């Protein structure tokens, strides 16, 4: 892993546009290194997803984002202010929590993947079709021809999430934002999706930001972890350090909530 930052967020806040300017994310500064997975962890409502969406200017009104997001397109180049809307689906792609809510139920899978290939890479005809099938194969789908012609409701939750990952990878991004992509899946499928993301990260040299409320999941995939509570950054560090030697009281409670095998055996 290189220490070259690919993304830098400085003093990012998300506030409710009301008389009190209520902060939902409060003055967070974080960086993402090239080739690493940064985990964002915290309980529901801590501001994880809003912080992730602020990277791509996807914070819904009446919320407003302030602060700076800077991007480095290649090693050795300077960090520049990020054109966040232009970066969507080009430099940065996003995987959402519930694939069934993100996939168009009236469209076949091939349409979902074809749309960014047409818009961002200008592919048509045979090249478009070949890229769709290749992307489905890359995410571990063994029958890409059948899946490409399927509607979302005809697929399992795991296959739906693989389709969403394929669509996110279609524009060859450098950074993949993962907004709790395994939360709606069963434990076995969750494990296979985590393995898939790790494999894709290694083979494509991707950087990841992975959001979860589950520190056990974060411990499986993240190189570094940032802990959020009530919109504020509590602690940042190498995942092993944060899990085995947490410095913040809230982080200590999160770590203490991870089920242990020994505790399970004691309860038998």
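Does any residue of region 153-165 turn out to be over 26 Å from residue 215 (Cα atoms), in contact with a helix residue (DSSP H, G or I) (Cβ under 7 Å, 6 or more places away or on another chain), without any contact (Cβ under 8 Å) to a residue 40 or more places away in the chain and buried (at least 20 other Cβ atoms within 10 Å of the Cβ)? There is no residue in region 153-165 that is over 26 Å from residue 215 (Cα atoms), in contact with a helix residue (DSSP H, G or I) (Cβ under 7 Å, 6 or more places away or on another chain), without any contact (Cβ under 8 Å) to a residue 40 or more places away in the chain and buried (at least 20 other Cβ atoms within 10 Å of the Cβ).
Annotation note: of 211, 236, 225, the sole residue that is closer than 16 Å to residue 50 by Cα and either at pLDDT 95 or above or not assigned by TED's automatic domain parsing to the domain that holds residue 27 (or both) is 211. Being on the phi < 0 side of the Ramachandran plot, more than 22 Å from the chain's Cα centre (by Cα) and part of a helix (DSSP H, G or I) is a property that holds for residue 127.
The set of residues from region 171-192 being surrounded by 17 or more Cβ atoms within 10 Å (Cβ to Cβ) and at positive phi comprises just one member, 180. Entry remark, region 43-73: residues being assigned to a loop (DSSP other than H, G, I, E, B), surrounded by 13 or more Cβ atoms within 10 Å (Cβ to Cβ) and on the phi < 0 side of the Ramachandran plot number 8 in total.
Going through (1) assigned to a helix (DSSP H, G or I); (2) surrounded by fewer than 19 Cβ atoms within 10 Å (Cβ to Cβ); (3) within 19 Å of the chain's Cα centre (by Cα) one by one, residue 119 falls short only on (3). Quick check on this structure: which one of 43, 36, 77 is closer than 20 Å to residue 230 by Cβ and in the same structural domain as residue 252 (by TED's automatic domain parsing)? Testing whether each residue is closer than 20 Å to residue 230 by Cβ and in the same structural domain as residue 252 (by TED's automatic domain parsing) leaves just 43. Is it the case that residue 85 is surrounded by fewer than 16 Cβ atoms within 10 Å (Cβ to Cβ) and either outside the structural domain of residue 228 (by TED's automatic domain parsing) or under 27 Å from residue 15 (Cβ atoms) (or both)? Yes, satisfied.
Here 132, 141 are screened, and the one residue that is in contact with a helix residue (DSSP H, G or I) (Cβ under 8 Å, 6 or more places away or on another chain), farther than 16 Å from residue 173 by Cβ and part of a loop (DSSP other than H, G, I, E, B) is 141. Scan region 74-116 for residues that are assigned to a helix (DSSP H, G or I), touching a helix residue (DSSP H, G or I) at 6+ places or on another chain (Cβ under 9 Å) and under 21 Å from residue 176 (Cβ atoms) and report the count. Qualifying residue count, region 74-116: 10.
Residue-by-condition table, conditions (1) touching a residue at least 24 places away in the same chain (Cβ under 8 Å); (2) surrounded by fewer than 21 Cβ atoms within 10 Å (Cβ to Cβ); (3) in a helix (DSSP H, G or I):
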{"residue": "197", "(1), (2), (3)": "yes, no, yes"}
{"residue": "201", "(1), (2), (3)": "yes, yes, yes"}
{"residue": "208", "(1), (2), (3)": "yes, no, no"}
{"residue": "211", "(1), (2), (3)": "yes, no, no"}
{"residue": "218", "(1), (2), (3)": "yes, no, yes"}
{"residue": "227", "(1), (2), (3)": "yes, no, no"}
{"residue": "233", "(1), (2), (3)": "yes, no, no"}
{"residue": "236", "(1), (2), (3)": "yes, yes, no"}
{"residue": "242", "(1), (2), (3)": "no, no, yes"}
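The values are calculated or read from the model by the stated rules, or taken from the named source; none is laboratory data. Values in this document were obtained by computation on a predicted structure and should not be read as measured data. Note that each Cβ is placed from the backbone with ideal geometry, even for glycine, and that neighbours are counted across all protein chains shown.
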